[in-house]
Every structure is written in structure tokens, then in C-alpha cells.
Amino acid sequence: MLYLPACGQEKDTLQVDTMSEKDLSTVTISVRKLGTRRMGGVENGVIIGREELFKAACCNLGESFTTNPSVDMNYSDAATGAKQIKLLGLSGTYVQMLTENLPNFRGAAAPYALDYVPGPWMSGIQVSKGASSVKNGYESITGQIDVEYLKPDAVQGATLNLYGNSKSKMEANADANIHLSKKLSTEVLAHYQNDFGHHDSNDDGFLDQPKVRQWNLQNRWHGRTDRYIFHGGIGMIKEKREGGQMSEELRVKSEEYKIGLATDRYEGYMKHAFILDPEHGTNIAVMTAFSLHQLDANYGNKHYDVNQKNAYAQLLFETNFTEHHNLSAGLSLNHDYLNEELRVKSEELATDKETTPGAYAQYTYNLHNKVVAMAGMRVDHSSLYGTFLTPRFHLKFTPHEVVSLRLSAGKGYRTVHALAENNYLLASGRNLVIDNLNQEEAWNYGISSSFYIPLFGKTLKLNAEYYHTHFCQQAVIDYDNNPAEIRVTNLDGKSYSNTFQVDASYPIVNGLELTAAWRWNDVKCTYGGELMEKPLTSRYKGLLTASYKTPLGLWQFDATLQLNGGGRMPKPVDGLWDERFPAYEQLSAQITRWFRHFSVYIGGENLTNFRQKQTIINATDPWSSTFDPTMIWGPVHGAMFYAGIRVNIGRL
């Protein structure tokens with residue numbers, strides 16, 4: 001089994017050439033790929049392919065989960081445009097972010113990482129839930145999200161994607177790959193984004209969304225011989241965000257409240273795989289990655305600068321002893337360095353360093369794909385927290401082709417860089433207080449089942465799952481106990497999440513597929529000695545999607561309806577907000593017209609036009625302690641319409 005990823009190279013059509021003595025004819029069989037399919041291995045998860053990504057505009061990674069019932073995406077605050085995903089009812093910081101099996105977007109990159117991966121660059125996304133493999137480290141608590149980029153060794157050619165929406169946002173994306181030889185290919189990915197609008201739909205004097213200008217560029221390489229495979233690449237991101245008060249809407253003070261963030265990010269990676277025995281899948285691989293992330297941020301009169309460096313290396317060995325037995329083992333080294341400077345009334349400096357070497361072993365037993373068991377253990381030594389063990393176990397049982405059952409259990413750890421990961425909290429008028437934090441530690445347990453039921457000549461796909469996450473140590477963001485501050489402190493009591501989800505999909509007629517899902521969240525944490533619902537978290541979510549493609553594949557129609565349940569707000573201060581927020585619905589739709597070498601799409605998001613009425617608390621006095629743009633539980637924008645074109649330029 002070769003560990004280097006090779007997905008994203010499937011073809012949408014299958015061509016069969018038939019020859020006879022009298023004529024030569026070509027028969028083309030068109031096959032519509034499944035947009036989302038379940039992962040076939042022992043872990044519970046789904047693979048989101050380009051077919052699914054094309055059902056919406058998917059300008060970036062954060063917008064790629066619109067039609068996915070498992071992953072939620074919402075804004076963290078209404079001033080900076082910071083976004084976060086939630087998996088199993090918990091914040092995205094508990095999801096390990098990977099790009100092609102390499103950990104990425106840590107620390108200071110986390111609040112805006114969902115904007116750093118343009119949608120047209122992705123060939124697919126793998127979302128696995130619960131305790132994941134120990135190969136990629138110890139940080140996965142609720143799951144992993146692994147992004148697969150377009151491949152340099154795919155069919156040679158170039159594509160262009162242009163996009164614009166009614167909120168004055170425009171994007172241009174381009175990708176091109178060249179096969180320099182049969183064994184060496186390269187690829188260039190380019191992205192430009194400009195949000196240049198001045199929208200204030202709710203008349204609170206603040207921009208509804210920040211003005212964002214982003215330049216994103218990558219160069220990727222692929223080479224191979226009979227016994228060696230190489231992947232490598234470099235990338236850079238430059239981004240500027242400007243938000244805050246609009247000058248003509250100043251209401252209390254002559255001094256404007258402005259937000260400005262300037263980001264420079266550089267990253268690179270290399271993978272080397274040496275195939276020792278193809279018959280038994282025996283190989284050794286060396287993977288390395290580095291990143292440099294610099295952020296200069298102003299939140300009113302607060303100035304925050306961070307310089308973060310990360311280096312990661314992994315050596316791994318994998319082999320199949322027999323048809324039934326697989327062993328994977330390896331060594332890893334991760335180094336994080338953060339130099340932070342916060343200036344409010346006085347200057348505060350902090351340097352955070354951690355070096356963590358580790359080793360792991362993982363054994364997999366596969367009995368004709370009927371029973372698959374995977375057990376892994378890793379040991380790591382942190383320069384800050386000492387030595388710790390990470391056990392994980394998965395079991396898959398397939399008694400019949402129509403049903404699969406999965407069990408999982410495992411532990412996860414996480415080092416908290418509280419200010420870097422939550423720097424958007426500086427936009428609040430409250431004082432941000434960060435205690436001396438422990439390493440986070442949690443157990444995750446899950447059970448899931450998948451059914452493939454023949455029904456009226458087609459297949460009904462039904463899935464049900466339950467996950468429980470229990471924290472032993474946690475960094476808790478406490479809004480409740482002091483109205484003058486937001487405190488990040490260590491857990492003192494219980495903290496857990498329970499999630500139950502059921503989803504089903506069925507092709508009603510040829511070309512039309514419906515998907516329905518329902519998820520219930522029970523997420524609680526101890527605040528000031530009292531076990532309470534986690535604030536700003538919906539109690540449930542319902543999802544209904546419909547996708548129809550005409551028989552010749554010229555037209556495609558997609559629609560998604562979401563119902564998000566209500567939940568608890570942080571304890572109100574001076575009656576400025578309600579104790580709970582209500583349930584709300586959102587509708588999105590898109591129409592795509594496919595041509596030979598290009599496609600045109602138009603659509604709309606939040607067509608129900610629901611938005612949170614008060615996205616910024618006490619917007620009339622941004623210099624007060626009660627000013628707060630971080631109380632976000634719903635959409636911050638109303639209905640939005642967009643249009644775009646995808647062009648296949650073809651072979652260069």
C-alpha cells in the first residue's frame with residue numbers, strides 16, 4: 001500500500017475502442033461520478049469530489065461544505081470575516097487540517113485558513129470522523145479534513161474560473177500543468193480575490209463584510225520512476241483585510257473604529273517514496289513540510305503581531321506481510337515557534353516554542369474485507385508537556401454487501417496557542433484574559449452503520465452514527481462569568497459532546513438524486529462551576545439537497561435547504577441580547593450549463609434572506625466594554641447572487 005495520495009485522478013468518462021476488419025468506431029459511455037461517497041476503509045468518513053464541489057460556487061474550502069450534513073461552517077465574528085467549521089458539534093480547532101496527508105494551517109493561520117484554499121484548486125476533500133489514524137499525529141480529536149489539490153500528472157491542460165457576486169466580490173482562478181517528460185510534470189495554481197464593496201445592510205455603521213484582497217500562488221511538481229515517486233511544491237499567500245466603521249456612519253466618537261489585517265504566508269513541502277517490494281506494498285517514505293506565517297493586525301486601538309514558523313518531518317515504513325496483515329510504523333518531528341506582540345496600553349511580548357518528536361506503529365488485519373481491524377499507538381515527547389501516549393482503534397464489520405458497521409475509540413491531544421488561534425477576539429471591547437493553559441486531552445468514541453438497500457430497481461443509501469467526545473483537559477473560552485472580559489481558562493469540571501446523525505440518499509429518477517439528513521447535538525461545558533450548553537452552538541441541523549442533471553449532461557440544477565436549530569447565548573449583559581437564539585433556515589440554488597470546453601453557472605445563497613439582526617453588540621459605541629462583534633450564531637449577510645464561468649483551455 002503506497003502512502004502517498006493518488007486520488008483526484010479519476011475520469012468522468014470511460015472510453016472503449018472497438019475494432020473490426022471493416023471499420024473503426026469509438027463508443028463513449030458517459031458515467032456521472034458520485035459527488036460524495038463514503039470512504040471504503042475502516043475509518044468512518046466521506047470523500048467530497050469535484051462533482052459535489054461544482055454543485056455550488058465553492059469559492060474556497062470554507063464554502064465547500066454547503067451540501068455536507070456533517071460539517072458546519074459559520075462566521076466567528078462580524079468584523080474580520082474569520083470563519084470556523086464545526087465537526088461533531090465542536091470547534092474546528094479539534095479537527096486536524098491536512099493538505100495531502102501533511103498537517104497544515106496551525107496556530108495563527110487557523111482563524112482564516114478556510115479562505116486559504118481556493119475551491120477550483122481542489123480535486124477532492126476527505127472528511128473522517130472521530131479518532132483517526134495515528135500516522136498523521138496526535139492532534140485529531142473530532143476528526144480529520146484532508147484536502148487534495150489538482151495533480152501535476154493529471155491530463156495536461158489549463159483551466160480558468162471567473163466569479164463575481166452581488167456583494168461586490170470577484171475572483172479569478174487559473175491552473176495549468178505541463179508534462180515535461182513521461183516521468184516529470186509540473187503545475188501552477190493562481191488565485192486572485194477582491195472584495196471591494198462598502199455594504200451596510202443592517203445600518204449599524206459597520207461594514208457587513210471586510211474588504212479582502214488576496215493573492216495566492218503555488219507551484220507543484222511530480223516525478224516518478226519504477227521504484228521512486230516524488231511530490232514537491234512551494235506556495236505563497238498575501239492577504240489584506242480591512243473592516244470596521246464606515247466614516248459617514250460615525251455616531252458617538254470622531255475617531256473611527258477600524259480593523260486591518262495584513263498576512264504573508266510562505267510554505268513548501270516534499271515527499272519521497274521508495275518502493276522496495278511492489279508485490280507486498282513495501283515502501284519507505286520521507287515527508288517534510290515548512291511554513292512561515294506573519295500577521296500584522298489592528299483591532300481599533302489594539303495591535304497584534306505574530307511571526308509563526310512550523311517545521312514537520314515524517315519517516316514511515318509500510319508493508320503487507322500477507323493478504324490479511326499490514327504494518328505501518330514511523331517517526332515524526334514537529335516544531336512550532338510563535339513570536340507574538342500585543343500592544344494595548346503597554347507592550348506585551350511572548351515567545352512560544354514547542355518541539356515534539358514521536359514514533360508510532362499501526363497494525364491492520366483484513367479478512368476479505370468482511371472484518372477489518374486497525375489498532376495504532378504512538379508515543380510523543382513535547383518539550384513543554386513531556387511524554388504522552390495516543391492509542392486508537394477501529395473495527396469494520398461487513399456481514400453482507402448491503403450493510404457495514406464501524407466502531408472507533410481513541411485519544412487526542414492538542415497544544416493551545418490561545419491568542420494566535422483566537423486573535424479575532426481582540427475585536428471585542430471586553431478584556432481578553434488568557435490563563436496559563438494545559439495541553440488539551442480528550443477521548444472520542446464512535447459507532448456508525450451504512451446500509452445499501454435495493455429499492456425499486458435503485459439503491460437507497462442510509463447511514464446512522466453516534467459519537468461521544470469527553471475532555472480530560474480543555475481550554476475553555478468563557479463569556480459568562482465576567483461581563484467585562486473574555487477569559488480563556490482551563491476546564492474545571494465536565495466537558496463533552498454527543499452527536500447523533502442519520503442521512504439517506506436516493507436517485508428518484510435517472511439524473512435526479514435527493515439527500516436528506518438530520519443531526520442532533522448535545523454539547524455542554526462547565527463555566528464557573530456550572531455545567532451549561534456550549535454557547536453559540538445549534539442544537540440540531542436538518543439538510544435536504546436535490547441535484548438533477550439532464551440526460552445529455554448539458555444542464556445541471558442543484559438546491560440545498562438547511563434548517564439550523566436554536567441554542568444558548570452567553571449570559572446577557574444589561575439586556576443587550578437575548579438568552580437564546582432561534583432556529584433559522586437557509587436556501588441555496590445553482591444552475592449550470594455545460595458546453596464542450598466551458599460551463600456557465602448562476603446561483604444564489606441564503607435565498608430565504610435570513611440574517612442575524614444584531615451581528616455587532618452596541619455598534620453605536622465601539623470603544624466601550626460592551627462592544628462585541630463575536631456573538632455570531634447565524635448568517636451575517638442576507639440573500640446573495642452570483643455568476644461565474646469555468647473554461648477548459650486544454651493542452652498547452
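Annotations
- Some residue of region 591-613 being surrounded by fewer than 17 Cβ atoms within 10 Å (Cβ to Cβ), of a type in the set (S, T, N, Q) and under 30 Å from the mean Cα position of the chain (by Cα): yes
- Matching residues, region 89-144, being in contact (Cβ under 8 Å) with a residue 60 or more places away in the chain, aromatic (Phe, Trp, Tyr) and closer than 28 Å to residue 241 by Cβ: 94, 112, 116, 121
- Residue count for region 549-569, restricted to those that are within 26 Å of the chain's Cα centre (by Cα) and not polar (S, T, N, Q): 10
- Residues of region 450-481 satisfying the condition of being in a loop (DSSP other than H, G, I, E, B) and either touching a Leu at 6+ places or on another chain (Cβ under 6 Å) or closer than 18 Å to residue 526 by Cα (or both): 474, 479, 480, 481
Listed here are the residues, each with its yes/no results for (1) part of a loop (DSSP other than H, G, I, E, B); (2) modelled with pLDDT under 90; (3) under 21 Å from residue 269 (Cβ atoms).
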site: 33; (1), (2), (3): yes, yes, no
site: 41; (1), (2), (3): yes, yes, no
site: 46; (1), (2), (3): no, no, no
site: 52; (1), (2), (3): no, no, no
site: 67; (1), (2), (3): yes, yes, no
site: 80; (1), (2), (3): yes, yes, no
site: 84; (1), (2), (3): no, yes, no
site: 96; (1), (2), (3): no, no, yes
site: 108; (1), (2), (3): no, no, yes
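- Long-range neighbours under 7 Å by Cβ, at least six apart or interchain, first residue under 21 Å from residue 582 (Cβ atoms) within region 548-565, second part of a loop (DSSP other than H, G, I, E, B) and not aliphatic (A, V, I, L, M): 560/66; 560/67; 564/538; 565/538; 565/539
- Test: residue 447 is more than 24 Å from the chain's Cα centre (by Cα) and either assigned to a strand (DSSP E or B) or of a type in the set (A, V, I, L, M) (or both): no
- The strands (runs of 3 or more DSSP E) found entirely in region 553-652 that carry 2 or more residues being modelled with pLDDT of 95 or more and of a type in the set (S, T, N, Q) are 555-564, 584-594.
- Condition met for residue 73 (touching a residue at least 60 places away in the same chain (Cβ under 8 Å), aliphatic (A, V, I, L, M) and touching a Leu at 6+ places or on another chain (Cβ under 8 Å)): no
Listed here are the residues, each with its yes/no results for (1) within 22 Å of the chain's Cα centre (by Cα); (2) within 30 Å of residue 39 (Cα to Cα); (3) among the polar types (S, T, N, Q).
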position: 458; (1), (2), (3): no, yes, no
position: 467; (1), (2), (3): yes, yes, no
position: 473; (1), (2), (3): no, no, yes
position: 480; (1), (2), (3): no, no, no
position: 484; (1), (2), (3): no, no, no
position: 488; (1), (2), (3): no, no, no
position: 493; (1), (2), (3): no, no, no
position: 496; (1), (2), (3): yes, yes, no
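- Index of the failed condition, residue 120 passing every other in (1) over 28 Å from residue 212 (Cβ atoms); (2) buried (at least 24 other Cβ atoms within 10 Å of the Cβ): (1)
- Index of the failed condition, residue 216 passing every other in (1) under 19 Å from residue 82 (Cβ atoms); (2) touching a His at 6+ places or on another chain (Cβ under 6 Å); (3) modelled with pLDDT under 95: (3)
- Among the conditions (1) in contact with a Ser or Thr (Cβ under 6 Å, 6 or more places away or on another chain); (2) at pLDDT 90 or above; (3) part of a loop (DSSP other than H, G, I, E, B), residue 58 misses just one, which is (2).
- Filtered residues of region 57-75 (kept if under 21 Å from residue 477 (Cα atoms) and crowded, with 23+ Cβ neighbours inside 10 Å): 75
Residue-by-condition table, conditions (1) surrounded by 15 or more Cβ atoms within 10 Å (Cβ to Cβ); (2) among the β-branched types (Val, Ile, Thr):
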| residue | (1), (2) |
| --- | --- |
| 453 | no, yes |
| 474 | yes, no |
| 478 | yes, no |
| 499 | yes, yes |
| 524 | yes, no |
| 545 | yes, yes |
| 548 | yes, no |
| 554 | no, no |
| 558 | yes, no |
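- When residues of region 433-450 are limited to those that are hydrophobic (A, V, I, L, M, F, W, C) and either touching a Lys or Arg at 6+ places or on another chain (Cβ under 6 Å) or crowded, with 20+ Cβ neighbours inside 10 Å (or both), the one modelled with the lowest pLDDT: 433
The values are calculated or read from the model by the stated rules, or taken from the named source; none is laboratory data. Note that this is a predicted model, so its numbers are computed, not measured. Neighbour counts are summed over all protein chains in view; Cβ atoms, including those assigned to glycine, are modelled from backbone coordinates with ideal geometry.
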